[in-house]
Amino acid sequence: MEKKRVVIVGCRPVVFEADTVIGGVWAHVPDCTALQTPRPLYQYSDFPWPEDVTEVFPDHNQVRAYLKAYARHFGVLDCIQFGHRVVGMEFDGVGEEAMAAWDEWAGNGKAFGDGSGEWCLTRHKADFVILCIGRFSGIPNIPTFPPGKGPEVFDGQVIHSMDYARMGTMKAREMMKGKRVTIIGYLKSALDIAAEYAEVNGTDHPCTMVVRTKHWILPDYVAWGVHISKLYLNRFAGLLIHKPGESFFLSFLATLLTPLRWLFSKFAESYYSIPMKKYDMVPDHSLFEALSACVIAITPKDHYKRLEEGSIVLKKSKTFSFCKKGVLVEGESFPVESDVVIYGTGFKGDDKIKDMYTSKYFQSIAVGSTSSTVPLYRQCINPKIPQLAVIGYSESIANLYTSELRAKWMAHFLDGGFKLPNVAAMQKDVLEWEKYMKRYSGRYFRRSSIVLLHIWYNDQLCHDMGCNPRRKKGFFSDLFDGYGPGDYVDLDPKKK
């Protein structure tokens, strides 16, 4: 590795960072935004939270401080060139037809191929590139409308949650004060903005949320006194699910235990649905499916209290459109009169990856089709794109330590610790994971979530690195206790 040129694009330990500050999405969020993952799970294995942070869900300022402290402690800040956005990459030295015909990834299954190809990033060349650009920033998902039904006919202001977050707290509050605000969406960004608006304007100017899809919005991760990690997030829970590449015995066991998985889900739903029923907000899909796809959110403080008092008003509507005075929703003759409409409609993570390439060939294969999952072996390597990896695209129960484990896996690979399988074997593995995601995540399969199989996934990374995947002491602890960052301290990768 000493003589190889490696570029990592994105936030945290990187060479080129488009932003001017550290923290990624945490640098630009509404003021009330806090973690949705419990603090013990959201940390690096070798860098615990400071003792004065005791909250279960630290706020965004605490998260940013933690990330900056980590970067400072390990000397990462010295590696970062802030304000440098990579706007295009080209792979030089090997023709596209030759690459497409390779049986082995990069020609020989090794990180740097045979040395004939390199990536060109404007005025920089690299033998290997790692994209850590994330999927929840950069390119907003903006709804489209028929002519005469979009924001062009609306007299007010229309922005995306990304624009709102970048305003900063003071400017955002000034914009909202005394205004009639309508928010489109009902997940994390939308909920946080609604909470902030309700705090500013109260019941004098209620905030309207247009809810196109009902979601499981949880106050915490405890149902009827039981932490749901006991139901979903340990090795035993993994036995209730069909897993990519599982043996016949494990497949039989998952089928046999399916009723128990259903019972676990109903147990948790019976608790979390209690406040939702009052507002007809119980989702049409199961909590199990929501967790599988990672489409849940932790409620901001006093969310249901604000619904009760009327400072937040819900309008359920599969579609919406604009008119001069505001927003038109299904089942109502009059518009929701608005001064400001805010899209809490997410981002186009696929486009972020595709737009990195100047080659039409790479753009066409980078994220697959809309009917398939993003084709990433071990959620990191596209079998047909050489000398490049993606870290941080698929979601986990705790993206921070999962990304750390992937980074260790990648570093071991770059150091020649192991060789990748051939292209056909990697593509077969990608299809196995796609089958799993389509089976359990429903229409959200492209989120490539590994939440419910994060232990199974981590086991695969450990096997590749020659590490023991069983990180607990004792059979019952390994089977029933949850896995987190502390279980992967002091991994000792072995070269194969």
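The values are calculated or read from the model by the stated rules, or taken from the named source; none is laboratory data. On a predicted model such as this, the values are computed, not experimentally measured, just so you know. Positions of Cβ are generated from backbone atoms using ideal geometry, with glycine treated the same way; all protein chains shown enter the neighbour counts. Surface accessibility is based on the protein's heavy atoms, side chains included, excluding ligands, DNA and RNA. Shrake-Rupley method; radii C 1.70, N 1.55, O 1.52, S 1.80 Å.
Things worth noting here:
- Surface/4 estimate of mean projected area, convex hull on alpha-carbon atoms of the chain, nm²: 24.6 nm²
- Straightening the chain between Gln363 and Asn141 buys 78.0 nm, computed as 0.36 nm per residue apart minus the Cα-Cα spacing.
- Placing pseudo-labels 7 Å out from each Cα toward the beta carbon at Arg443 and Thr319 gives an inter-label distance of 1.4 nm.
- Mean accessible surface per residue for the range 278-369, computed with a 1.4 Å probe while every protein chain stays in place, in Å²: 44 Å²
- Accessible surface, the range 377-489, averaged per residue in Å² (probe 1.4 Å): 34 Å²
- Cβ-based charge dipole, the range 94-159, positive-most Cα from Pro147, Gly117, Val94: Pro147
- Probe 1.4 Å - accessible area at Val87, Å² to nearest ten: 110 Å²
- Difference of contour (0.36 nm per residue) and Cα-Cα distance, Phe252 to Glu90: 53.7 nm
- Approximate spin-label separation Ser371-Lys435, in nm, with each point projected 7 Å along Cα-to-Cβ: 1.8 nm
- Cα-centred dipole magnitude for the chain, charges only on beta-carbon of K, R (+1) and D, E (-1), debye, nearest 20: 600 debye
- Start at zero, step by 5 Å, and the Cα-Cα distances of the range 252-346 spread as 2, 9, 15, 18, 18, 14, 9, 6, 4, 3, 1, 0 percent across the bins.
- Residue (of Ser270, Val367, Met465) at the positive-pole extreme of the chain, dipole from beta-carbon charges: Ser270
- Cα-Cα over 31 Å, subset of Lys125/Lys360; Lys188/Lys472; Lys125/Lys348; Lys149/Lys352; Lys435/Lys472; Lys125/Lys352: Lys188/Lys472
- Approximating the spin labels as points 7 Å out from Cα along Cα→Cβ, the Asp280-to-Lys428 distance works out to 5.2 nm.
- Span-like helix ranges in the chain, DSSP H, alpha carbon extent 24 angstrom or more, Kyte mean at least -0.5: 258-277
- Positive-end ranking of Ala194, Gly474, Val282 along the dipole of the chain, with charges on Cβ about the Cα centre, is headed by Val282.
- Dividing the convex hull volume of the alpha-carbon atoms in the range 58-168 by its residue count gives 233 Å³ per residue.
- Whole-Hz couplings from phi, Karplus 6.51/-1.76/1.60, listed for the range 383-398; x for Gly and Pro: x, 10, 10, x, 6, 8, 9, 10, 10, x, 7, 6, 9, 9, 5, 8
- The range 79-107 versus the range 303-332: alpha-carbon centroid distance in Å: 46 Å
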